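Student: Pasting a structure here, questions to come.
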Amino acid sequence: MTVELLVLLIVIVTALAFDFTNGFHDTANAMATSIATGALRPRVAVALSALLNLIGAFLSVAVAATVAKGIVRLEGVDGQDLLIIVFAGLVGGILWNLLTWLFGLPSSSSHALFGGLIGATIAALGWSGVIWASGSEGVLTKIVLPAVLAPIVAALVSAIGTWGVYRITEKSDPNKVDQGFRWGQIGSASLVSLAHGTNDAQKTMGVIFLALVAHGTLTKNDEMPLWVMAACAVAIAAGTYLGGWRIIRTLGKGLVEIDSPQGLAAESSSAAIILTSAHFGLPLSTTQTATGSILGTGLGKGAEVRWSVMGRMTVAWLLTLPLAGVAGAICWAIAHVIGGLAGVLVVFAILIALSAVMYLRSRRDPVDTSNVNEWPGETPAAESVAQPGGAQAADDTPVADSGIAKDAATAQDASSADAAGTSSTAEGKPGGVTADGLSPPADTSSSEGPGTKSNRSAQV
């Protein structure tokens, strides 16, 4: 095995590792709102999202072509030099993904990848090595412009959709509206997952294609190999199933309190925009699109928006490209100074070490299915929200149908109030109302008189 082939294999493994982090970093884009509203159990949500990401990865390669041919001027570099640029860019993207995941910030995995590649390219070839603008191609047209417009357009579309939904259903039964929209969320969240696989898995395909061109295995005019598509699809699906619970909590509970009509509006808006961008080969940030949609639902409903959380997200968005670029440039410099295979192995070891440090740090404050719907500083809800068709709550505890659960809660409130009103006479006596406020008195000779029908709520 030649040194160049070994470097190629390391680059491919690193690319698939990035694809894996992309999966768990961006699971929230599709499933955060469905988990927050109780439309899907957390584990069911990530499993469904993983399956649809897998399928979506095979639907198109337009975005992959943009990544492979629209960032680095391939005529200016080839061979092992291009492989090291690609490798350094991937490492920069992975490190930024893990850092933002640690802090629960839904930043763009796409921009982390592009930033890493751009930084490594500038370090190796100078500013002229990057295709900044070339007609309808280039970084500014294909990456920067969509990054600015996507969250704004998504927010507007979802705000209008949310406003319309609440106007149409304002005279309907709230219980039926809530339950119906939860069922609808299953479909809309599935569509976002399919769109995410179509858009994001292709970015890693493009990077591997770029590495294969550098090695000489392919030319830039060849078609995408099926094994590359399959490997990227499996990697992003596996990462999605792992579930990025920290980011799911931020998007689902941290920005706005989401009801099921808002969730459906947000997911529908995100899916439409992401699929449109994939059709035109725009490597859109699904994270920024989903966040903009969720923000729009809060504005459309007139709900409270946690602008401090939105501010932190915006700062992360603005820093993603430059800081991932700095990380990519530093990784390229280390590999270049040491040189050859040794330089690549040193950077790879640094990646593993820093990844382990961030993972261990995350275990000090774990987020999983048990607390994904609890925003820090807020009192958890006393009862889990019921889900359509007898689904389970966020902690995977079975609960009843939403309508039944609400009737039970009403009955419990009525019975508890009755218990409070009679506590002065019933306390300490046989047949008194028990502490749960639900048990009927054993002694029927109450002040209501013999034969009088009790007005207490029935036991649930």
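The values are calculated or read from the model by the stated rules, or taken from the named source; none is laboratory data. Because the structure is a prediction, the values reported are computed rather than measured. So basically every Cβ, Gly included, is an ideal-geometry build from the backbone, and we count neighbours across all protein chains shown. Each accessible area value is taken on the protein alone, full model and side chains, heavy atoms only, with ligands, DNA and RNA left out. Shrake-Rupley method; radii C 1.70, N 1.55, O 1.52, S 1.80 Å.
Student: Can you report the number of residues in the range 276-300 which are surrounded by 20 or more Cβ atoms within 10 Å (Cβ to Cβ) and assigned to a helix (DSSP H, G or I)?
Tutor: 16
Student: Now, a different point. Could you check the range 269-287 and list, in sequence order, the residues that are touching a residue at least 12 places away in the same chain (Cβ under 8 Å) and polar (S, T, N, Q)?
Tutor: Of everything in the range 269-287, those that are touching a residue at least 12 places away in the same chain (Cβ under 8 Å) and polar (S, T, N, Q) turn out to be Ser269, Ser270, Ser277, Ser285, Thr286, Thr287.
Student: Moving to a separate point now. Taking the range 70-101, which residues are at pLDDT below 85, open to solvent by 20 Å² or more (accessible area, probe 1.4 Å) and not charged (D, E, K, R)?
Tutor: Leu74, Gly76, Gln80
Student: What's the number of the only condition in (1) farther than 30 Å from Gly298 by Cα; (2) of a type in the set (Gly, Ala, Ser); (3) open to solvent by 30 Å² or more (accessible area, probe 1.4 Å) that Ala57 fails to meet?
Tutor: (3)
Student: Give me the residue from the range 21-49 that is of a type in the set (A, V, I, L, M, F, W, C) and open to solvent by 10 Å² or more (accessible area, probe 1.4 Å) and, out of that set, nearest to Leu102 (Cα to Cα).
Tutor: Across the range 21-49, the extreme among qualifying residues is Phe24.
Student: Yes or no: Lys220 open to solvent by 40 Å² or more (accessible area, probe 1.4 Å) and basic (Lys, Arg)?
Tutor: Yes.
Student: Would you point out which residue out of Ala237, Ala290, Ala266 is over 18 Å from Ile160 (Cα atoms) and in contact (Cβ under 8 Å) with a residue 40 or more places away in the chain?
Tutor: Details: Ala290 fails: over 18 Å from Ile160 (Cα atoms); Ala266 fails: over 18 Å from Ile160 (Cα atoms).
Matching residue, one of Ala237, Ala290, Ala266: Ala237.
Student: For the structure I just gave you, tell me whether Ala155 is more than 24 Å from Leu218 (Cβ to Cβ) and at pLDDT below 85.
Tutor: No, not satisfied.
Student: Helices (runs of 4 or more DSSP H) wholly in the range 139-254 with at least 2 residues that are of a type in the set (S, T, N, Q), under 15 Å from the mean Cα position of the chain (by Cα) and on the phi < 0 side of the Ramachandran plot - which ones?
Tutor: Numbers: elements: 145-168, 174-215, 226-242, 245-249.
Qualifying helices (runs of 4 or more DSSP H): 174-215.
Student: Are any of the residues in the range 13-20 of a type in the set (Asp, Glu) and either surrounded by fewer than 24 Cβ atoms within 10 Å (Cβ to Cβ) or in a loop (DSSP other than H, G, I, E, B) (or both)?
Tutor: no
Student: Hey, among Ile12, Ile71, Ile35, Ile94, which residue is within 18 Å of the chain's Cα centre (by Cα), within 18 Å of Ala201 (Cβ to Cβ) and touching a residue at least 12 places away in the same chain (Cβ under 8 Å)?
Tutor: None of the others qualify; the one that does is Ile94.
Student: When you scan the range 361-388, how many residues do you find that are among the aliphatic types (A, V, I, L, M) and at pLDDT below 85?
Tutor: Of the residues in that region, 4 qualify.
Student: To continue, here is another question. Go over the candidates Ala147, Ala155, Ala159 one by one and state the one that is in contact with a His (Cβ under 7 Å, 6 or more places away or on another chain) and either open to solvent by 10 Å² or more (accessible area, probe 1.4 Å) or charged (D, E, K, R) (or both).
Tutor: Among Ala147, Ala155, Ala159, only Ala147 is in contact with a His (Cβ under 7 Å, 6 or more places away or on another chain) and either open to solvent by 10 Å² or more (accessible area, probe 1.4 Å) or charged (D, E, K, R) (or both).
Student: Quick one: is Leu54 out of contact with any strand residue (DSSP E or B) (no Cβ under 8 Å at 6 or more places or on another chain), outside any helix (DSSP H, G or I) and of a type outside the set (S, T, N, Q)?
Tutor: For Leu54, the condition - out of contact with any strand residue (DSSP E or B) (no Cβ under 8 Å at 6 or more places or on another chain), outside any helix (DSSP H, G or I) and of a type outside the set (S, T, N, Q) - is not met.
Student: Between Ala272, Ala303, Ala349, Ala335, which is open to solvent by 20 Å² or more (accessible area, probe 1.4 Å) and more than 22 Å from Ala32 (Cα to Cα)?
Tutor: Sole residue among the options that is open to solvent by 20 Å² or more (accessible area, probe 1.4 Å) and more than 22 Å from Ala32 (Cα to Cα): Ala349.
Student: Cβ-Cβ under 7 Å, sequence separation 6+ or interchain: first residue in the range 245-260 and more than 13 Å from Ala45 (Cβ to Cβ) and open to solvent by 10 Å² or more (accessible area, probe 1.4 Å), partner acidic (Asp, Glu) and at pLDDT 90 or above. Which pairs?
Tutor: Between residues of the range 245-260 that are more than 13 Å from Ala45 (Cβ to Cβ) and open to solvent by 10 Å² or more (accessible area, probe 1.4 Å) and residues that are acidic (Asp, Glu) and at pLDDT 90 or above, there is no close pair.
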